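This report concerns only the one structure given below.
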Amino acid sequence: MADSSQPVHPSDLIPESWVMETMTIGTGGLIIRHQFDEPSELAAPALTHHLLAVNIGQQGTRQMTRFGRQEYNGTFPTGSLWLATADNTSVEWAWETTDETILFQIDPLYFQEIAAENGCANSERLELKPVVFDRNPQFESIARNYHAEMQQQGLGGKLYSESLGNLFMLDLLRTYCQDRSQPQQVNGGLGEQRLQRVLAYIDAHLAENIGLQDMASVTGLGQYHFATMFKKSMNISPYQYVIDRRIE
């Protein structure tokens, strides 16, 4: 019999029948799901992954959310979010209507890697704080962009979905960290040699479904650091640069 005190993986907590579409970023450190959550009650002693859910339904619903000692019991209008963390905190939800949500599943090790890549101090001990209710236009916008991309069956391509993931992870670091450590500001760009290598790579693979990690590997940088430095050098994001080159 499974130990009921052990952390629960999201796939063991959330019924597969609720999941409409799924997007995986990188090797699975960030997974995004479009869901229709049927009326139910869910509970676990702890989670193996961080979960952030944004309500994108047309009407506000009523929901009870409890993370450890934190509790919210009230309306959950369109654009609302909760953040459950993988830190041995018990979780519990209850709701009476079918809710349409975008769920972001984050591997804690992936979160620490991104924090380290962005120069956060003590990244190996950096923790997220559980949030039972919040409204954040930036996260709602990213959720709706992912929803639109899923409905278009990935028309924007790997680079677009990875760029959205980049924004999501950076906003997560800036907004919901227990520690006040912030990602370091990048003062310089890629440097002439790195920049020329990546621009040549883009031109050589322009017709392919290239992603941030593909371009970052040419420079020897992580994809999140690369994206920031590329924009410093070119005054435009990697995604927009590739789109412009394809138009040309």
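The values are calculated or read from the model by the stated rules, or taken from the named source; none is laboratory data. Keep in mind that this is a model prediction, so the values were computed, not measured. With ideal geometry, Cβ positions are generated from the backbone for all residues, glycine too; neighbour counts draw on all protein chains shown. What goes into the accessible areas is simple: the full protein's heavy atoms, side chains included, and nothing from ligands, DNA or RNA. Shrake-Rupley method; radii C 1.70, N 1.55, O 1.52, S 1.80 Å.
Loop sites here are trypsin sites (Lys or Arg not before Pro) outside DSSP states H, G, I, E and B with no more than 15 other Cβ atoms within 10 Å. The longest part of the chain free of them is 70-179. Based on Cα contacts under 8 Å between residues 6+ apart, the chain shows a relative contact order of 17 percent.
With all protein chains kept in place, the per residue accessible area of region 67-125 amounts to 43 square angstrom at a probe of 1.4 angstrom. Percent of Cα-Cα pairs more than 15 Å apart in region 129-171, please. For region 129-171, the fraction of Cα-Cα distances above 15 Å is 47 percent.
Could you state, as a whole-number percent, how many of the C-alpha pairs of region 46-145 are farther apart than 18 Å? So the portion of pairs separated by more than 18 Å is 50 percent.
Here, P(r) means the percent of Cα pairs in each 5 Å bin from 0 to the largest distance; for the chain it is 1, 6, 13, 17, 18, 16, 12, 8, 5, 3, 1, 0, 0. Per atom type, the chain shows carbon and sulfur on 46% of its accessible surface, probed at 1.4 Å.
With Cα atoms defining each centre, region 208-233 and region 1-65 are spaced 30 Å apart in the structure.
Candidates Gln196, Trp93, Gln58 compared by Cα position along the dipole of the chain: farthest toward the positive end lies Gln196, with charges placed on Cβ.
Taking only Cα atoms of region 206-248, what ratio of Rg to Rh do you get with Rh as the Kirkwood inverse-distance radius?
Reported Rg/Rh (Cα atoms, Kirkwood Rh): 0.96.
Contact order for region 26-160, expressed relative to its length and based on alpha carbon pairs under 8 Å spaced 6+ residues apart, stands at 33 percent. Over region 8-55, what portion of Cα pair distances is larger than 16 Å, expressed as a whole percent? Of all Cα-Cα pairs in region 8-55, 43 percent lie more than 16 Å apart. Treating only the Cα positions of region 1-104 as identical point scatterers, give the base-10 log of I(q)/I(0) from the Debye formula at each q in 0.11, 0.13, 0.15, 0.17 Å⁻¹. Treating every Cα as an identical point scatterer, log10 I(q)/I(0) equals -0.32, -0.45, -0.61, -0.79. Using C-alpha pairs under 8 Å with a sequence gap of at least 6, the mean separation divided by the residue count of region 1-76 gives a relative contact order of 27 percent.
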